[in-house]
1. Counting only residues that are surrounded by fewer than 20 Cβ atoms within 10 Å (Cβ to Cβ) and closer than 23 Å to residue 174 by Cα, how many does the range 83-100 have?
2. Suppose we keep only residues that are closer than 18 Å to residue 103 by Cα and surrounded by fewer than 13 Cβ atoms within 10 Å (Cβ to Cβ) within the range 21-74. Which one would you say is nearest to the ligand (Cβ to nearest atom)?
3. Restricting to the range 142-177, and then to whatever is within 12 Å of the ligand (Cβ to nearest atom) and part of a loop (DSSP other than H, G, I, E, B), can you tell me which residue is farthest from residue 121 (Cα to Cα)?
4. Tell me the residue from 157, 136 that is surrounded by fewer than 16 Cβ atoms within 10 Å (Cβ to Cβ), in contact with a strand residue (DSSP E or B) (Cβ under 8 Å, 6 or more places away or on another chain) and more than 19 Å from residue 60 (Cα to Cα), please.
Ligand SMILES: CC(C)(COP(=O)(O)OP(=O)(O)OC[C@H]1O[C@@H](n2cnc3c(N)ncnc32)[C@H](O)[C@@H]1OP(=O)(O)O)[C@@H](O)C(=O)NCCC(=O)NCCS
């Protein structure tokens with residue numbers, strides 16, 4: 001099978017003989033949409049059909065405990081996709097990505113670069129389903145996202161924030177090499193703030 005895509009090297013697709021149509025469609029879907037590959041994960045762009053994943057992730061109060069943005073229903077998730085997530089790809093050429101384990105393509109969470117126009121900043125974010133906490137997936141995905149932002153998107157500076165009580169989150173930032181620059185009030189909540197400046201830009 002010939003696959004014409006910038007990501008084709010990620011998936012050497014064997015002769016499709018023996019593969020079901022669904023399997024081939026799934027492989028092609030990932031080939032077309034993957035942005036970042038790590039040892040264990042694939043990060044891909046959201047599509048308009050991903051409202052179920054957003055709802056599934058964000059209707060767990062433990063997941064939104066420190067992000068303060070629960071999603072109460074499928075329809076709300078669909079609106080977030082339509083009005084926020086997909087337009088960001090066009091506006092900024094980066095945005096939010098779903099994260100999947102490579103071995104079974106399970107959806108485990110997401111990572112994002114959020115542009116904050118009021119601060120002129122790129123704010124790094126991530127959230128994972130509880131089932132996948134404590135497996136260093138967050139660190140792996142975040143580290144790769146930072147590399148992508150600097151090397152492929154030429155971002156000058158990346159900011160990361162986590163509430164003081166969200167220990168796991170600020171440890172992820174520290175493990176990815178981000179520098180603590182102080183505490184500040186953002187969107188009504190105190191946050192430990194970290195930054196990293198692009199070492200490839202002088
Ligand atoms: C924050 C979050 C992404 C961390 O995920 P995770 O799976 O625990 O992250 P990792 O497995 O990569 O762990 C990073 C480190 O933090 C440690 N850690 C994680 N949670 C911790 C906690 N509650 N207390 C102390 N250490 C913790 C881990 O042990 C690991 O350290 P190690 O590598 O030395 O063992 C996850 O808890 C989450 O999705 N929370 C909900 C959404 C959220 O709050 N997002 C961040 C908003 S700023």
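1. Quick first cut of the range 83-100, residues surrounded by fewer than 20 Cβ atoms within 10 Å (Cβ to Cβ) only: 83-84, 86-93.
If we keep only those that are closer than 23 Å to residue 174 by Cα too, we end up with none.
Matching residues across the range 83-100 total 0.
2. Among residues in the range 21-74 that are closer than 18 Å to residue 103 by Cα and surrounded by fewer than 13 Cβ atoms within 10 Å (Cβ to Cβ), the one nearest to the ligand (Cβ to nearest atom) is 39.
3. Per the criteria, the residue is 165.
4. Details: 136 fails: in contact with a strand residue (DSSP E or B) (Cβ under 8 Å, 6 or more places away or on another chain).
From the options 157, 136, the qualifying one is 157.
Since every read-out is calculated from the coordinates, none of them should be taken as a lab result. Model, not experiment: these values are computed from the prediction. Every residue, glycine among them, receives a Cβ derived from its backbone with ideal geometry; neighbour counts consider all protein chains shown.
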